[in-house]
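To start, the structure itself, in structure tokens.
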Amino acid sequence: MKESLSHSKGVKALVLVFALAMATLGALNFAAQWNAKPVTDGVKWIFLPGVVISDLVAQDSAGAIAGIQKGDQLVAINFHKIRIPQDVGAFTAREMEAGRPLQYDLVRGSESFVALVVPKARTNSFYFYLASVGFIILAIGVFAFLKSHSRSFALHFFFLCLAFFGAYVFSFTRKLDTLDWIFFWGDEVFLLLLPPLFLHFAFYFPGQRQWISRDRLFLLYLPSVIFITAR
């Protein structure tokens, strides 16, 4: 009976290798954030069909000082065409230096104008707090998996902890190189998988209550799959 309930050594080894791989990626992300010297214009840029629009301009930010307002359309930075909001992050990570002005070509209503934005350094100390919590949660998930004799509970709890870990630890630095894109999509995927994983866990913990039949469990994850695909 004990053998049928506990995980085989092969399954445990696979889970440990996978957890180690995620922890390694998380450590690389932590190091990348630690070594990054990010600067920002203080503007939240969003994508509308065919244009990039300022959705929020932080008070006293570089963008606000330069005269950027909510609803302004960003056309180019230093004559480099901006097509999606990620272009801003990629360009600023490569070109921005604190105190060095950049030329923003903008459109407000029917008028075009130029703003000289002097980026400011930004702090990301909250990330390091969340990342530290994420590593602790992953360790708890691995420990619970190794000690539990319930297959379904242990594996599900591990994946739930893994989702918390990914959502807390993965965060792109705006360099958008190959590794940074991995951090970006890791954050996106784990963040969208976290709600259905938690809901699924709540339906079946602490006992086997049939809140939803097993053949319909995929419905819990369907919205997240749709959002991930759309993203």
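Restricting attention to segment 29-58, the residues being among the polar types (S, T, N, Q) and loosely packed, with under 15 Cβ neighbours inside 10 Å number 1. Here Leu219 fulfils each of the conditions (1) more than 27 Å from Phe153 (Cα to Cα); (2) open to solvent by 60 Å² or more (accessible area, probe 1.4 Å); (3) without any contact (Cβ under 8 Å) to a residue 24 or more places away in the chain apart from (1). Filtering segment 169-177 for residues that are outside any loop (DSSP other than H, G, I, E, B) and not aliphatic (A, V, I, L, M) leaves an empty set. With respect to the conditions (1) open to solvent by less than 50 Å² (accessible area, probe 1.4 Å); (2) out of contact with any Phe, Trp or Tyr (no Cβ under 7 Å at 6 or more places or on another chain); (3) not in a helix (DSSP H, G or I), His200 falls short on a single one, namely (3). Screening segment 6-18 for residues that are closer than 14 Å to His156 by Cα and either of a type in the set (Asp, Glu) or out of contact with any Lys or Arg (no Cβ under 8 Å at 6 or more places or on another chain) (or both) and picking the one that is surrounded by the most Cβ atoms within 10 Å (Cβ to Cβ) gives Val15.
The set of residues from segment 86-111 being modelled with pLDDT under 90 and either of a type in the set (Asp, Glu) or open to solvent by 30 Å² or more (accessible area, probe 1.4 Å) (or both) comprises Gln86, Asp87, Ala93, Arg94, Glu95, Glu97, Ala98, Gly99, Arg100, Pro101. The listed residues are Phe170, Phe128, and the only one of them that is modelled with pLDDT under 95 and not hydroxyl-bearing (Ser, Thr, Tyr) turns out to be Phe128. Scanning segment 105-150 for residues that are within 30 Å of Gly63 (Cβ to Cβ), outside any strand (DSSP E or B) and more than 21 Å from the chain's Cα centre (by Cα) yields Gly109, Ser110, Val118, Pro119.
Here is a yes/no grid of residues against (1) among the β-branched types (Val, Ile, Thr); (2) in contact with a helix residue (DSSP H, G or I) (Cβ under 6 Å, 6 or more places away or on another chain):
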| residue | (1), (2) |
| --- | --- |
| Ile68 | yes, no |
| Leu74 | no, no |
| Asn78 | no, no |
| Pro101 | no, no |
| Arg108 | no, no |
| Ala131 | no, yes |
| Phe135 | no, no |
| Ala139 | no, no |
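Counting only residues that are over 18 Å from the mean Cα position of the chain (by Cα) and of a type outside the set (Val, Ile, Thr), segment 36-46 holds 3 of them. Quick one: how many residues across segment 145-186 are free of Cβ contacts under 8 Å to residues at least 40 places away in the same chain and closer than 15 Å to Val133 by Cα? Matching residues across segment 145-186 total 5.
For segment 50-86, a tally of residues being more than 23 Å from the chain's Cα centre (by Cα) and either part of a loop (DSSP other than H, G, I, E, B) or within 28 Å of Phe126 (Cα to Cα) (or both) returns 17.
Put simply, of Ser213, Ser132, Ser152 the only residue that is open to solvent by 30 Å² or more (accessible area, probe 1.4 Å), polar (S, T, N, Q) and either in contact with a Ser or Thr (Cβ under 6 Å, 6 or more places away or on another chain) or under 19 Å from Val11 (Cβ atoms) (or both) is Ser152.
The values are calculated or read from the model by the stated rules, or taken from the named source; none is laboratory data. None of these values were measured; they are calculated from a predicted model. In this analysis, Cβ positions are derived from the backbone assuming ideal geometry, glycine residues included, and neighbour counts consider all displayed protein chains. Please note that ligands, DNA and RNA were not included when accessible areas were found on the heavy atoms of the full protein model with its side chains. Shrake-Rupley method; radii C 1.70, N 1.55, O 1.52, S 1.80 Å.
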